[in-house]
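Right, one structure below, let's go through it.
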Amino acid sequence: MRRITSFARRALLATTLVATAAAGQTAPPIPAWGGALQPQDRDERGLWMMSSDDEAVLKDSRFLITDKPLNDYVRGVLCRTVGAERCGAVRLYIMRVPAFNASMSPNGMMQLWSGALLRMRTEAELAAVLGHEFAHYERRHSLAGFKQARAATDAAIWASFIPIAGLALSLGALQGFFLYNQAQEKEADLNGFSFVMQGGYRTGAFADVWERLIAEEDAGRVARGQKARGGRRSGFFATHPASAERMTYLRALARQAGDTADASTASHRAGLGPWYARFLDDQLKLNDFGGTEWLLADFARTEGWTGALLAARGDLYRLRGQAGDMAQAAGFYREALAKGHDDPETRRGLGLALLRQGQQAEGQAMLKAYLDLRPDANDAAMLRMMAGLPPKTATGPTT
């Protein structure tokens, strides 16, 4: 009976939020900032201790990205979104983990995974993610969730549709990420929306993020022979409002706000710098063909099929290696080279794809070209053999 009452209460709240947003409700005002939060009771002190333990692990993690330009870029977006005073309460940690995830712990530790940075199209979308997480922090949602279920933790608050639980555990992430309920997620949406609007970003970006996550998850499921779920409450979306509901109130608020502010794609890509290619390579290694194919095509809808995207698509098909994939991969590699993407790894991929098709002469020529550019590659000995080259002899003084 208690569960039915709780469900009814959540359903009523969801209906009210959708109806009021559609009727013209404005985003809630941003309250005055009272300074960095401090633990107020025994429960919160315990929660802070757990978060501090997690933070100590993150500081020494091999997955932590300390690159200053990348950290400065993300912090700059955060500060523009929530304001300089609030931003000063945050200690930012960017982790090289190829899944869409962000979190904010009660002690001011913000964690952002590289998979989220890769999937963002604009600074406005990044602002939406960061503003949403900061709203969880300011509204003390972790404490509320902790009191509701002390043992309940979740290593994928934003997303868990990519199977990397073992990696998350190695980061010690489970201790710090607490499961928010759907009412709290809605509150973080609405308060985060206010932050995005305050920062002068395009407010429609908020809904864009969720629409693409849903589409990517469905593409991955279909490729694995499963049914698309359309963002219904399963997996990642189990603790979040259903997609149709969420799109309704976020789109309604965006229309009301005008949805005409900054949405710069170029500035976000420039902010990632060389990390964009590295994050893309990490994504290719996840063995999620359907999701990654959808992701690459979605990038292409924004920027066209660039040489870098074509080369990545070649890698994706070559790594899957099903019937016809090698011919497809070779075609993508050739297109990439024709567009001036003369990265050595593209020649390596093309060479391997051609050899798998029995095109030995051209395949070996491509591997030789690669080895001329990368003579000290980790797999150089194997590639020399495949290219028909003699083993490289050691040189140096003899005794």
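Nothing in this text is a laboratory measurement; each read-out follows from the coordinates by a stated rule. These numbers come from a predicted model, not from an experiment. Cβ coordinates were reconstructed from backbone atoms using ideal geometry, including for glycine residues, and neighbour counts include every protein chain displayed.
Among 291-301, 100-110, the peptide with the highest mean count of other Cβ atoms within 10 Å heads the list, and the full ranking is 100-110, 291-301. Converting phi to 3J(HN,Hα) with the Karplus coefficients 6.51, -1.76 and 1.60 and the offset θ = phi - 60°, region 207-224 yields 6, 4, 4, 5, 4, 6, 4, 4, 5, 5, 4, 5, 4, x, 5, 4, 5, 8 Hz in sequence order, with x at every glycine or proline. Step through the table entries LYS339/LYS392; LYS339/LYS368; LYS68/LYS186, compare each Cα-Cα distance with 29 Å, and write down the pairs that go over it. Going by Cα-Cα distance, LYS339/LYS392; LYS68/LYS186 fall outside the 29 Å limit. Between GLN360 and LYS339, the distance separating the two model label sites (each 7 Å from Cα on the Cα→Cβ line) works out to 3.4 nm. On full extension, the segment bounded by SER267 and ASP41 gains 77.1 nm, given 0.36 nm per residue less the C-alpha separation.
Please find the FRET efficiency linking ALA56 to LYS227, where r is the Cβ-Cβ separation and R0 is fixed at 45 Å, and quote it to the nearest 0.05. For R0 = 45 Å, the calculated efficiency reads 0.60.
Once the C-beta distance of ARG278 and GLU211 is scaled by a Förster radius of 25 Å, the resulting FRET efficiency is 0.45 to the nearest 0.05. Distance between the modelled labels on ALA381 and THR66, one decimal in nanometres: 3.2 nm (7 Å Cα→Cβ projection).
Cβ crowding within 10 Å, taken as a proxy for footprinting-reagent exposure, orders SER114, SER194 from fewest neighbours to most as SER194, SER114.
Ellipsoid fit via the Cα gyration tensor, region 305-386: semi-axes of 19, 15, 10 Å, each the root of five times an eigenvalue, largest first. A cut-off under 10 angstrom between Cβ atoms defines the neighbours of ASP259, and their net charge, with Lys, Arg +1 and Asp, Glu -1, is +3. Taking other Cβ atoms within 10 Å as a rough exposure proxy, VAL77, VAL222, VAL82 sort from fewest to most as VAL222, VAL77, VAL82. Proximity of backbone amide H atoms, modeled 1.01 Å from N, is registered between LEU64 and ARG96 at under 5 Å, excluding neighbours fewer than 5 places apart on the same chain.
Efficiency by 1/(1 + (r/R0)^6): what FRET value for GLN256 and ALA32, r their Cβ-Cβ distance, R0 = 22 Å, to the nearest 0.05?
With R0 = 22 Å, the Cβ-Cβ based efficiency is 0.40.
Once the chain from LEU286 to ARG91 is taken as fully extended at 0.36 nm per residue, the excess over their C-alpha distance is 67.3 nm.
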